[in-house]
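Read the structure below first, then the notes.
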Amino acid sequence: MQELTISFIGGGNMAEALIAGLRRSGHDGTRIWVSEPQQARRDYLHTTYAVQVSPDNGEVAKQADVLVLAVKPQQMKAAVNGISNCLKADASVVSIAAGISSSSLHEWLGDRVSIVRVMPNTPALVGAGMSVLFSDADEMHKQRAEYVLQACGVSVRVERESQMHAVTALSGSGPAYFFLLAEIMKATGVKLGLSEELASQLAAQTALGAGKMLAESDRTAEQLRHQVTSPGGTTQAALDEMYEMGLPAAVRKGVLAASKRSEELAG
Ligand SMILES: NC(=O)c1ccc[n+]([C@@H]2O[C@H](COP(=O)([O-])OP(=O)(O)OC[C@H]3O[C@@H](n4cnc5c(N)ncnc54)[C@H](OP(=O)(O)O)[C@@H]3O)[C@@H](O)[C@H]2O)c1
């Protein structure tokens, strides 16, 4: 896989996260190409990661064994205009744009192009991303996409594209749910007399520790919760109040609303 040339159309935040991961994992900068309209951004990516840069999407697409489409959803149609003629016959096209379906991509790029659709999330920026991919293309194309995605986190597959709405509601939008919880915990810590700095640190490190336990332990979230909840203790007092105030129903309804919105945006 390290011999593949990996090209990016759009050199924004998510592209940078993937490029940083690939460089960390030893992928040579001469085999990474990025097209990006802004000169200052191109210079930054070239200087920071020693990758090849260009303002020309066609030039970058031409080099690609794997072409990662990393522009905003509303920029996608314009960004891919005309590039299908530049692609190698066995190139893999990986789209990370939220809400852009495989059928739209086929409509813009042609039916013969091998497409992998991915829903990443922002923790990719710190190497802890959760990416979910769907593709009808051959195994080789999925494995190539996984090589890129696993440079900045974990990746899994779904069998049906319709599952991408639920994926968006869980891992795509999910970081914001945890940020909200941390925000509220911090503000309440300050009300209880802690400094802003200390309350922030306690909330962040607690989220990190709980996340690590969830990801690494054999136990379920429910078992881990029971483990830290002694009857009649402080955690029990907090959770009783949270249940009483309807936190589980609020989270459930929130996740369902995100999935519904994802379906609406897909049209
Ligand atoms: N960030 C997230 O949390 C997240 C999570 C999941 C999925 N995604 C998906 O990842 C994709 C990228 O998101 P992002 O946050 O990295 O966006 P971003 O920072 O705005 O990056 C997009 C980059 O593409 C450039 N661009 C615009 N039009 C172009 C064109 N025609 N050809 C080449 N480059 C072009 C933009 O330049 P200008 O600034 O000049 O427009 C910008 O530098 C989105 O589709 C998003 O849905 C993001």
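With the chain treated as a Gaussian network of Cα nodes joined by springs under 10 Å, which of Val60, Val132, Val190 yields the largest mean-square fluctuation?
In this elastic network of the chain, the residue with the biggest mean-square fluctuation among Val60, Val132, Val190 is Val190.
Test of understanding: in a Gaussian network model of the chain with alpha carbons linked when under 10 Å, which of Arg31, Arg252, Arg42 would top the mean-square fluctuation ranking?
Arg252
Pull out a ≥ b ≥ c, the square roots of the eigenvalues of the alpha-carbon gyration tensor of the chain, then state rounded if a/c is under 1.5, prolate if not and a/b is larger than b/c, and oblate in the remaining case.
In terms of gyration-tensor shape, prolate.
Among Lys72/Lys260; Lys77/Lys253; Lys62/Lys260; Lys186/Lys260; Lys186/Lys212, which pairs are too far apart, with a Cα-Cα distance over 26 Å?
Correct reply: Lys77/Lys253; Lys62/Lys260; Lys186/Lys260.
Could you work out the relative contact order of region 6-161, using alpha carbon pairs under 8 angstrom and six or more residues apart, expressed as a whole percent?
22
Quick one: helix 196-216 against the long Cα principal axis of the chain, what's the angle to the nearest 10°, folded into 0 to 90?
Computed tilt is about 70 degrees.
So if R0 is 22 Å, what FRET efficiency would Ser217 and Asp28 give, r being the distance between their Cβ atoms, rounded to the nearest 0.05?
0.05
With just the Cα atoms defining each centre, how far is region 8-58 from region 198-267? Give it in Å.
36
Here, each number is a calculation from the coordinates, and none is a lab measurement. Just so we're clear, the structure is a prediction, and the values are computed from it rather than from any experiment. A quick note on method: Cβ atoms are made from the backbone with ideal geometry, for glycine too, and the neighbour counts reach across all protein chains shown.
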